[in-house]
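Peer 1: Submitted below is the structure of interest, expressed as structure tokens.
The values are calculated or read from the model by the stated rules, or taken from the named source; none is laboratory data. All of these numbers come straight from a predicted model, not from anything done at the bench. Cβ placement follows ideal geometry from the backbone for every residue including glycine, while neighbour counts extend to all protein chains displayed. Areas reflect the complete protein model, heavy atoms only, side chains present, ligands, DNA and RNA absent. Shrake-Rupley method; radii C 1.70, N 1.55, O 1.52, S 1.80 Å.
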Amino acid sequence: QGQLVESGGGLVQAGGSLRLSCAASGRTFSSYAMGWFRQATGKEREFVAAITWAGYNTNVADSVKGRFTISRDNAKNTWYLQMNSLKPEDTAVYYCSADIDLGSLISGRGSYWGQGTQVTVHS
């Protein structure tokens, strides 16, 4: 059984930065694609970013491209979402996810999910 735990959320002013972390435990995720999703109040969960198991390829949603960067450290079984130039519309609960298949992950059908961390951006 694997578990994912997010951290790093909080309250930040527009234009600021946050770095989210997702720590995996219970198994090795080095061969898994990892990703981030978010869900704002009253909206559906949406894809934010994903990274392949070796870290060579990333997918980033157009809404955050150029502002958010996904990375991973397989030695630490942890991956990250660096969020810069935050906007109020980035306010949401952010979830990390993992799956052996990148396509399944990006479509929101990941096998593993964290409990979420709140990010609030005020203007």
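Peer 1: Testing the spin-label approximation: label points 7 Å from Cα along Cα→Cβ at SER31 and SER107. State their distance in nm.
Peer 2: Output for this residue pair reads 2.2 nm.
Peer 1: Ranked by accessible surface with a 1.4 Å probe, highest first, in what order do THR69, THR52 come?
Peer 2: The residues order as THR69, THR52, largest area first.
Peer 1: Hey, got the dipole for the chain? About the Cα centre, +1 on K and R Cβ, -1 on D and E Cβ, debye to the nearest 20?
Peer 2: Dipole of the chain, to the nearest 20 debye: 140 debye.
Peer 1: Pick from ASN57, ASN84, ASN74 the residue whose mean-square fluctuation is largest in a GNM of the chain, springs joining Cα atoms under 10 Å.
Peer 2: ASN57
Peer 1: Figure the gain on full extension for ARG19 and ASN84 (residue separation times 0.36 nm, minus the Cα-Cα span) and round it to one decimal in nm.
Peer 2: Full extension of this stretch gives 22.5 nm more.
Peer 1: Could you give me the ³J(HN,Hα) list for segment 28-36, computed from phi with Karplus coefficients 6.51, -1.76, 1.60 and θ = phi - 60°, whole Hz, x at Gly and Pro?
Peer 2: Going residue by residue, I get 8, 10, 5, 9, 9, 6, 10, x, 10 Hz, with x marking Gly and Pro.
Peer 1: Could I ask something else about it? Once amide H atoms are placed 1.01 Å from N in the peptide plane, what residues at a sequence separation of 5 or more from PHE68, or on another chain, have their amide H within under 5 Å of its amide H?
Peer 2: Under 5 Å from the amide H of PHE68 lie the amide H atoms of ASN84, each far enough along the sequence or on another chain.
Peer 1: Accessible area per residue, 1.4 Å probe, Å², for the chain: what's the number?
Peer 2: 51
Peer 1: Give the relative contact order (percent, whole number) for the chain; include only Cα pairs under 8 Å separated by 6+ residues. Intermediate values should be presented prior to the final figure.
Peer 2: Values: 312 pairs, mean separation 44.1, N = 123.
Once normalised by length, the contact order is 36 percent.
Peer 1: Now a separate question. So what is the 222 nm mean residue ellipticity for the chain from helices alone, if each DSSP H run of at least 4 adds -39500 (n - 2.57) and you divide by all residues, rounding to the nearest 500 deg cm²/dmol?
Peer 2: -1000 deg cm²/dmol
Peer 1: Per the 1.4 Å probe, what fraction of the accessible area of the chain, in percent, lies on carbon and sulfur atoms?
Peer 2: Carbon and sulfur: 46 percent of the exposed surface of the chain.
Peer 1: Using a cut-off of 29 Å between alpha-carbon atoms, which lysines can reach LYS87, once sequence neighbours fewer than 8 places away in the same chain are excluded?
Peer 2: Excluding near neighbours in sequence, the set is LYS43, LYS65.
Peer 1: Under a 1.4 angstrom probe, counting protein chains only, how are ASP73, ASP101, ASP90, ASP62 ranked by accessible area, largest first?
Peer 2: Ranking ASP73, ASP101, ASP90, ASP62 by accessible area, largest first, yields ASP62, ASP101, ASP73, ASP90.
Peer 1: Continuing with the same structure: Which translational diffusion coefficient, to the nearest whole µm²/s, is obtained for the chain from the Stokes-Einstein equation, given a Kirkwood hydrodynamic radius over C-alpha pairs, 20 °C and 1.002 mPa s?
Peer 2: Estimated diffusion coefficient is 152 µm²/s.
Peer 1: Right, something else. Quick one: go through segment 88-107 and flag any residue whose amide nitrogen is under 16 Å from the point 7 Å out along the Cα-to-Cβ line of THR52.
Peer 2: The answer is 99-106.
Peer 1: Going by accessible area, probe 1.4 Å, with all protein chains left in place, what is the ranking of TRP53, TRP113, largest first?
Peer 2: The ordering from most to least exposed comes out as TRP53, TRP113.
Peer 1: Moving on. Using +1 at the C-beta of Lys and Arg and -1 at the C-beta of Asp and Glu, which of ASN74, ILE100, TYR32 has the Cα lying farthest in the positive direction of the dipole of segment 1-108?
Peer 2: About the Cα centre, the residue reaching furthest to the positive side is ASN74.
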